[in-house]
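Presented below is the structure to which this report refers.
No value in this document is a laboratory result; all are computed from the given coordinates. Only a predicted model underlies this, so the values are computations on that prediction, with no experimental measurement involved. Every residue, glycine among them, receives a Cβ derived from its backbone with ideal geometry; neighbour counts consider all protein chains shown.
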Amino acid sequence: MLHVFFYWPNMKRDVQRICDRCITCKKTKSKVMPYGLYIPLPVPKKPWVNISMYFVIGLPRSKKGRDSIFVVVYIFSKMVHFISSHKIDDATNIMNLFLGK
């Protein structure tokens, strides 16, 4: 893509030299398996084994004073639970929200 915006003589050689010296490039580019098929995750044996959790924060306050949404996604079926929460809730409060207490 660089050649679309820039050009100079021996550009390909210069870019290759820079990339060869770049520590970030060396860390992110695998020499063992640079490409290939994706390996699927194992199928869970029981429901609700694999979940992901994240927060949507910075929302306007609701009538109950909640200003965030705690999002829980069941990876296998993509089932989602949206739980209203406070931005300042700690881990104990989040656990209680998750367990429905």
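Suppose every Lys and Arg Cβ carries +1 and every Asp and Glu Cβ carries -1, with no other charges. What dipole size does segment 51-99 come out with about its Cα centre, to the nearest 20 debye?
Numbers: 6 positive and 3 negative charges, 46 e Å.
Using only the charged Cβ atoms, the result is roughly 220 debye.
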* Which Rg and Dmax, in Å, describe the Cα atoms of segment 7-101? -> 22.8, 68
* Asked: Can you count the Lys pairs in the chain with C-alpha separation below 28 Å, eight or more apart or on different chains?
  -> 15
* To do: In a Gaussian network model over the chain where Cα atoms closer than 10 Å are linked, find which of V73, V15, V49 has the largest mean-square fluctuation.
  => V15
* Charge dipole magnitude, Cβ of K and R +1, D and E -1 - the chain, Cα centre, debye nearest 20 -> 180
* Asked: So what's the angle, to the nearest 10 degrees on a 0 to 90 scale, between helix 11-21 and the longest Cα principal axis of the chain?
  -> 60
* Mean Cβ neighbour count within 10 Å, used as a protection proxy, ranking 5-11, 79-85, 20-26 highest first -> 79-85, 20-26, 5-11
